[in-house]
Amino acid sequence: MAKVLCVLYDDPVDGPPSGYARDGLPHLERYPGGQTLPTPGGIDFTPGELLGSVSGELGLRRFLEGQGHTLVVTSDKDGADSEFDRELADADVVISQPFWPAYLTAERFAKARNLKLAVTAGIGSDHVDLDAAIAHGVTVAEVTYCNSISVAEHVVMMILGLVRNYLPSYHWILDGGWNIADCVARSYDVEGMHVGTVAAGRIGLAVLRRLAPFDTHLHYTDRHRLPAEVERELNLTFHPSAQDMVPHCDVVTINAPLHPETENLFDEALIGSMKRGAYLINTARARICDRDAVVRALESGQLAGYAGDVWYPQPAPADHPWRSMPHHGMTPHISGSTLSAQARYAAGTREILESWLSGAPIRDEYLIVDGGKLAGTGAHSYSVTAR
Ligand code: NDP
């Protein structure tokens, strides 16, 4: 019997919701591009309910305990005396979400002698030391596509929010004011702007598709080029590198995984090569940007705005400089954890567990590391330091 250790974010401050703003969720047939939504044998939750916090348990308890397995759920994840650290010693499976990541470091892998499977209930397994997972023969899987469109929508919202100066204008209303000049002195139209994405995978391409109707000029860079018909359809300009692309852009959105090639990519030099007054949106991973270079660029006016939902570490400490820098539109890490996305990644996590517990193969598109090497989606999108 397996011990499953699940790390989830805390419940709302007033406790689990007693009701919801809407009844149910829209029905989706499949993801763009044709991949099917998660296909577990069954689910024990109501889609549209809060599943990603401790009381929601990703809807897994009845399923796991019904088969005789043990489920431990905690939000206490950091430090050597955390519940996560204590329970890890004999856990077979760890589940965690990027929004509230249980950092699986090389030291933790060394302690977790039973660990065989690390599941990311979401997308982005950079909180797992993939070199260590490979060395210890641990399978790493994530629920590919579960929240890609959720994030793309958040990116579009943040681009519009920054360019049109939405949040400061909203604050004038909260403060009882009507200061139109203060609101519009930093407000522009997106129409006609050059918008570029670093990476045009599921999220990056979805952002491009959603921005095309705004009559923007669209740019991208990626390790692999998109099909020619997609480039034509969206009138895309391809650039061989971020260095080549960003000087042309008024808005840059980062949609690449964090791995050794992308870590610290947006440093002082790259940000300095952007147009003065460009906007930078990063919903990918915080460490793709140099934290202090972002702050300096906002203070100097090199960047007109920065927004995103990814921080390092997570949760961000109260004195993290991105909380107080000028002209930012940061949120906590929420873009991929809408109630809509939670239903998909809870079902996907259940599908992965059902496969693994029954000895059936995990869907290739969910795999990041398997059999001691990068596999599936991981082999395509990630790199490790050892390679
Ligand atoms: P995909 O795997 O579909 O796309 C990632 C793309 O990044 C691929 O096209 C890949 O290229 C490309 N890429 C990898 N390395 C580089 C590089 N060095 N330069 C340029 N392009 C590169 O992933 P998603 O679009 O679904 O997600 C992207 C990232 O967004 C995730 O890894 C995660 O970090 C983040 N994310 C954030 C969420 C949030 O809640 N804020 C939720 C979900 C994801 P190729 O495949 O061509 O090699």
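Side notes on the structure shown:
- Check on Ile159, more than 30 Å from Val94 (Cβ to Cβ), open to solvent by less than 10 Å² (accessible area, probe 1.4 Å) and either assigned to a helix (DSSP H, G or I) or not aromatic (Phe, Trp, Tyr) (or both): yes
- Candidate set: the range 205-222, residues that are assigned to a loop (DSSP other than H, G, I, E, B) and more than 15 Å from the ligand (Cβ to nearest atom); chosen: the one nearest to the chain's Cα centre (by Cα): Thr216
Yes/no per residue for (1) touching a helix residue (DSSP H, G or I) at 6+ places or on another chain (Cβ under 9 Å); (2) more than 24 Å from Leu205 (Cα to Cα); (3) without any contact (Cβ under 8 Å) to a residue 24 or more places away in the chain:
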site	(1), (2), (3)
Pro247	no, no, no
Leu265	yes, no, no
Ile271	yes, no, no
Thr283	yes, no, no
Ile288	no, no, no
Arg291	yes, yes, no
Arg296	yes, yes, no
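- Qualifying residue in the range 279-290 (condition: basic (Lys, Arg) and more than 23 Å from Arg223 (Cα to Cα)): no
- Set Ala297, Ala284: member being out of contact with any Leu (no Cβ under 6 Å at 6 or more places or on another chain) and either part of a loop (DSSP other than H, G, I, E, B) or away from the ligand (no atom under 15 Å from the Cβ) (or both): Ala284
- Set Ile368, Ile362, Ile352: member being open to solvent by less than 40 Å² (accessible area, probe 1.4 Å), within 12 Å of the ligand (Cβ to nearest atom) and over 16 Å from Phe99 (Cβ atoms): Ile368
- Across the range 223-268, the qualifying residues are those that are small (Gly, Ala, Ser) and within 14 Å of the ligand (Cβ to nearest atom), and the one among them that is farthest from His154 (Cα to Cα) is Ser241.
- Unique match (being free of Cβ contacts under 8 Å to residues at least 24 places away in the same chain and buried (at least 16 other Cβ atoms within 10 Å of the Cβ)) among Ser75, Ser82, Ser53, Ser18: Ser82
- Test for Ala121: is it farther than 30 Å from Met193 by Cα and surrounded by fewer than 16 Cβ atoms within 10 Å (Cβ to Cβ): no
- Matching residues, the range 67-118, being of a type in the set (Ser, Thr, Tyr), in a loop (DSSP other than H, G, I, E, B) and within 16 Å of the ligand (Cβ to nearest atom): Tyr103
- A residue that is closer than 23 Å to Leu162 by Cβ, open to solvent by 20 Å² or more (accessible area, probe 1.4 Å) and away from the ligand (no atom under 15 Å from the Cβ) occurs somewhere in the range 309-321.
- The set of residues in the range 326-366 being of a type in the set (S, T, N, Q), under 29 Å from Ala316 (Cβ atoms) and assigned to a helix (DSSP H, G or I) consists of Ser340, Gln342, Thr349.
- Single unsatisfied condition, Pro257 versus (1) under 23 Å from Asp189 (Cα atoms); (2) surrounded by 21 or more Cβ atoms within 10 Å (Cβ to Cβ); (3) out of contact with any strand residue (DSSP E or B) (no Cβ under 8 Å at 6 or more places or on another chain): (1)
The values are calculated or read from the model by the stated rules, or taken from the named source; none is laboratory data. Predicted model, so just to flag it, every value in this text is computed and none were measured. Note that each Cβ is placed from the backbone with ideal geometry, even for glycine, and that neighbours are counted across all protein chains shown. With ligands, DNA and RNA removed, areas are computed over all heavy atoms of the protein, side chains included. Shrake-Rupley method; radii C 1.70, N 1.55, O 1.52, S 1.80 Å.
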